[in-house]
Each structure stands twice: as C-alpha cells, then as structure tokens.
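Read the figures in this text as sums done on the coordinates, not as results from a lab. Computed from a predicted structure; not experimentally measured. A quick note on method: Cβ atoms are made from the backbone with ideal geometry, for glycine too, and the neighbour counts reach across all protein chains shown.
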Amino acid sequence: MEDIYRRIDADPRFHALARARSRLGWTLSATVLLAYFAFIFAIAFAPDWLAQPLHAGTVVTTGILAGVLVIVLCVSLTGVYIWQANRRYDGQNRAIVDDASRAP
C-alpha cells in the first residue's frame, strides 16, 4: 500500500491536480470572505442604508436582501466547487489512482 502512495506522490498530474483544487478553494473562500466582510462593514458604516425598505409599504429592508444574497452566494459557490469536482477533479483523481494501482 505504501508503494501506491509513493507512486501517486511521484506523479506530476497529482501535484497539478492538488494545485488546481487548492487554487479554486482559496478563490472561492476569498470570495465568500469578501462578501461577508462587505456585509459586516455595511452594517457598521451604513446602517441607515441597510434599514431602508425595498419599496413603500414593505417591511423587507435592503439589509435583509443583502443578508439573503450573502447566503445565496455561499450556497452557489459551494455548488460551483461541487460542479468542478464532479466535472474535472474526480476523473483526474481516479485516473491517477488507477495508474498507480496498476504499476508494478
């Protein structure tokens, strides 16, 4: 079993895959953090703007909409990662493991 791990670690495709997954993960994480901190800064520095109703006669405010959009963004980016993993990363990972398993 230890030989398979060494063969996988020696495969340049494995390192390229790890870099690509890491890059995507950090990009999506930075996007979520940016949206979250933008929302928090809006709460801190523009509470009057967040308290405005979306239109006359409604109790739904800009802040509620912004909070829902942050949540929707997080769920959507999770979907983006899953889509990329299923479409690209899983097949590459399977090929690397299969090749390492077949090697003498």
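Miscellaneous remarks
- Checked against the criteria, residue 46 counts as surrounded by 12 or more Cβ atoms within 10 Å (Cβ to Cβ) and farther than 25 Å from residue 75 by Cα.
- Selected residue (criterion: nearest to residue 96 (Cα to Cα)) from residues of the range 14-52 that are in contact (Cβ under 8 Å) with a residue 60 or more places away in the chain and not aliphatic (A, V, I, L, M): 14
- Helices (runs of 4 or more DSSP H) fully within the range 14-102 counting 2 or more residues that are aliphatic (A, V, I, L, M): 62-84, 90-102
- Failed item in (1) under 19 Å from the mean Cα position of the chain (by Cα); (2) closer than 26 Å to residue 5 by Cβ; (3) surrounded by 15 or more Cβ atoms within 10 Å (Cβ to Cβ), with residue 23 passing the rest: (3)
- In the range 40-58, the count of residues that are over 26 Å from the mean Cα position of the chain (by Cα) and of a type in the set (D, E, K, R) is one or more.
- Members of the range 28-43 found to be closer than 24 Å to residue 82 by Cα and surrounded by 13 or more Cβ atoms within 10 Å (Cβ to Cβ), listed by number: 28, 31, 32, 35, 36
- Lone unmet requirement of (1) exposed (fewer than 15 other Cβ atoms within 10 Å of the Cβ); (2) touching a helix residue (DSSP H, G or I) at 6+ places or on another chain (Cβ under 8 Å) for residue 8: (1)
- For the range 85-98, the condition of being out of contact with any strand residue (DSSP E or B) (no Cβ under 7 Å at 6 or more places or on another chain), free of Cβ contacts under 8 Å to residues at least 12 places away in the same chain and of a type in the set (Phe, Trp, Tyr) holds for none of the residues.
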